[in-house]
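The values are calculated or read from the model by the stated rules, or taken from the named source; none is laboratory data. Here the structure is a predicted model, which means the values were calculated and not measured. Here the Cβ is made from the backbone with ideal geometry for all residues, glycine too, and neighbour counts use every protein chain on show. Just so you know, the surface numbers come from the protein's heavy atoms only, side chains and all, with ligands and any DNA or RNA stripped out. Shrake-Rupley method; radii C 1.70, N 1.55, O 1.52, S 1.80 Å.
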Amino acid sequence: MKKSLLMAATLALGCIPLAYADDVARGEKLYNVYCVQCHGLSGHGDGVNVPALSVQPRNHHDTAEMTARSDEELFKAVKHGGKSINKSVLMPAWGGNLDDDDIHALVSHMRNLCCRNGE
Amino acid sequence: MKQGILWAALILVGLGSAPVALAAGAEELVRTECAACHALERPDYEALGIQERIDRKGPPLYYAGNKFQPEWLESWLQNPTRLRPAGIFPAAAVKESEEFDVIDPDKLIEHPALTAEQASEVATYLMSLRHHDDLIAANTYEPGTIAKRMGQLNFSKFNGCDACHSDEPGYGGLSGPELYTAWQRLQPAFIASFIADPVAWDPHTLMPKSGLNEGAVARLTNYLKLIGEEQP
């Protein structure tokens, strides 16, 4: 019994990084479809639409700014738009296009950009 | 894989600036020359997932008859101009630069020009593709008026449409199609229906589903009418 519990715990722990990596990869793909136009190919807030924007899009590599926001806030901003966190209307609400799993994957990718790439 | 690339290259070369040879019928012409880039039937979006959007080379045409103004379509096919400054999939058509990402013209695909006869036949065939009669039938938009200043504010400040779209040449975002000729190109009910629920038309659209009410949709649509009618 103890052995099987140990096995289960080991397997579960082993799966966490894999699941996280899958989430980040999926988030990166979605980011390239829905976000790069404003946030930039590299995620530095320098997308092709930037010259038309009155507010600079968030630089997702900005560790200080990004760590000041919880995952829940990032999720809310993506799902319900910038207005929902008292930010710009230029950040649209994507909740009608993406499901919650998609948005969680995007948050994982943003966390990867800001805080796990050594920038 | 190599064969696939060769085929794709041949198709692209074949779709160059030279007019496409007229096939036996418009449907055959469309199916042989257009299907490489345009969906003529509804893709299985659910099975293909987001990769479908990444791989897309041109707008879907299986609801062309619900979308376009036929006279405009026939004219455009003879003289195709770029409506989407950054192409159909912006991430594939831009490159990084020192300040911000810029459009890489080398990555944009030119649309072939058809002869007048081909354009007439192709436009007639495309207008028969009406997968979304249901969405048009459900739409209740009636064209109206809006003051230009109010329309501009509504388009930019209140709804942020200018982040991706331009409402006059040289002003607005580049990732979405220009909208100053939208009224000339598109059917009014399509415009209103698409603004209200773009995902119903295209599950992988890059246009956010805003949840705007009928009045707000009508105000935006009336603004596109106003600026579209100002165009030559």
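Can you list the residues of the stretch B:92-119 whose accessible area drops by at least 20 Å² going from the chain on its own to the full set of protein chains, with a 1.4 Å probe?
B:Val94, B:Glu96, B:Phe100, B:Asp101
Please give the length that would be gained between B:Met150 and B:Gln184 if that part of the chain were fully extended, namely 0.36 nm times their separation in residues minus their C-alpha to C-alpha distance (nm, one decimal). Mind dumping the intermediate values first?
Numbers: separation 34, 0.36 × 34 = 12.24 nm, distance 2.12 nm.
Full-extension gain reported as 10.1 nm.
Can you list the residues, at least 5 places off or on another chain, whose amide H is less than 5 Å from the amide H of B:Leu186, using H built in the peptide plane?
B:Gln69
Of all accessible surface on the stretch B:180-232 at a 1.4 Å probe, what whole percent is carbon and sulfur?
Values: 1080 of 1950 Å².
Percent of accessible area from carbon and sulfur atoms in the stretch B:180-232: 55.
For the stretch B:68-182, which semi-axes, largest first and in whole Å, follow from the square roots of 5 times the eigenvalues of its Cα gyration tensor? Intermediate results must be reported in sequence, preceding the final value.
On the way: eigenvalues 147, 119, 34 Å².
Semi-axes, largest first: 27, 24, 13 Å.
Probe radius 1.4 Å, ligands and nucleic acids left out: can you give me the accessible area buried at the B-A interface, summed over both chains, in Å² to the nearest hundred?
Values: alone 12790 and 7540 Å², together 18100 Å².
So the buried area, both faces added, is about 2200 Å².
If you count only protein heavy atoms with a 1.4 Å probe, what accessible area per residue comes out for the stretch B:133-230, rounded to a whole Å²?
Each residue of the stretch B:133-230 exposes 44 Å² on average to a 1.4 Å probe.
Between A:Thr63 and B:Leu212, what is the label-to-label distance in nm when each label sits 7 Å out along the Cα-to-Cβ direction?
4.2
Apply the a/c threshold of 1.5 to the C-alpha gyration tensor of the stretch B:32-128 and tell me whether it is rounded, prolate or oblate. Write out the running numbers ahead of the final one.
Numbers: a/c = 2.56, a/b = 1.39, b/c = 1.85.
In terms of gyration-tensor shape, oblate.
Over the stretch A:2-115, what percent of the accessible surface lies on carbon and sulfur atoms, probe 1.4 Å? Working shown, then result.
Numbers: 3480 of 5790 Å².
That share works out to 60 percent.
Which entries in the list B:Lys67/B:Lys95; B:Lys157/B:Lys225; B:Lys95/B:Lys148 go over 27 Å, if you measure between the two C-alpha atoms of each? Spell out each step's value before the answer.
Working: B:Lys67/B:Lys95 31 Å; B:Lys157/B:Lys225 19 Å; B:Lys95/B:Lys148 35 Å.
Checking Cα-Cα distances, B:Lys67/B:Lys95; B:Lys95/B:Lys148 exceed 27 Å.
Kindly tabulate the residues in the stretch B:174-199 with an accessible-area decrease of at least 20 Å² between the chain alone and the assembly of all protein chains, using a probe of 1.4 Å.
B:Leu174, B:Ser175, B:Val199
What are the extents of the Cα atoms of the stretch B:133-230 along their three principal axes, listed from largest to smallest and rounded to whole Å?
Rounded to whole Å, the extents work out to 35, 29, 24 Å.
Please build a GNM for chain B, connecting alpha carbons under 10 Å apart, and tell me which residue among B:Pro85, B:Pro208, B:Pro112 fluctuates the most.
The residue that fluctuates most here is B:Pro208.
Give me the number: length gained by fully extending B:Leu83 to B:Glu142, i.e. 0.36 nm times residue separation minus the C-alpha to C-alpha distance, one decimal in nm. Provide the component values of the computation, followed by the final result.
Numbers: separation 59, 0.36 × 59 = 21.24 nm, distance 2.55 nm.
Full extension of this stretch gives 18.7 nm more.
Can you give me the accessible area per residue for the stretch A:2-115, using a 1.4 Å probe, in Å²? Provide the component values of the computation, followed by the final result.
Numbers: 5790 Å² over 114 residues.
Here the per-residue accessible area is 51 Å².
Give me the net charge of B:His131's neighbourhood, meaning all other residues with Cβ under 14 Å from the Cβ of B:His131; Lys, Arg count +1, Asp, Glu -1. Don't skip to the end; give the middle numbers.
Working: positive: B:Arg42, B:Lys67, B:Arg130; negative: B:Glu41, B:Asp44, B:Asp133, B:Asp134, B:Asp202.
Here the charged neighbours net out to -2.
Give the separation of the Cα centroids, the stretch B:213-232 to the stretch A:38-80, in Å.
First find each Cα centre; the distance between them is then 30 Å.
So how much slack lies between B:Lys57 and B:Thr32, counting 0.36 nm per residue of separation and subtracting their Cα-Cα distance, in nm? Don't jump to the answer; show the numbers that get you there.
Values: separation 25, 0.36 × 25 = 9.00 nm, distance 1.53 nm.
Using 0.36 nm per residue and subtracting the Cα-Cα distance, I get 7.5 nm.
Can you list the residues in the stretch A:21-51 whose accessible area drops by at least 50 Å² when all protein chains are present, compared with the chain alone? Use a 1.4 Å probe, heavy atoms only.
Checking the loss per residue gives A:Lys29, A:Val33, A:Tyr34, A:Gln37, A:Leu41, A:Asp46, A:Val48, A:Asn49.
Compute from the Cα atoms of the protein assembly as shown the Rg and the Dmax, the latter being the longest Cα-Cα distance, and quote both in angstrom.
22.2, 80
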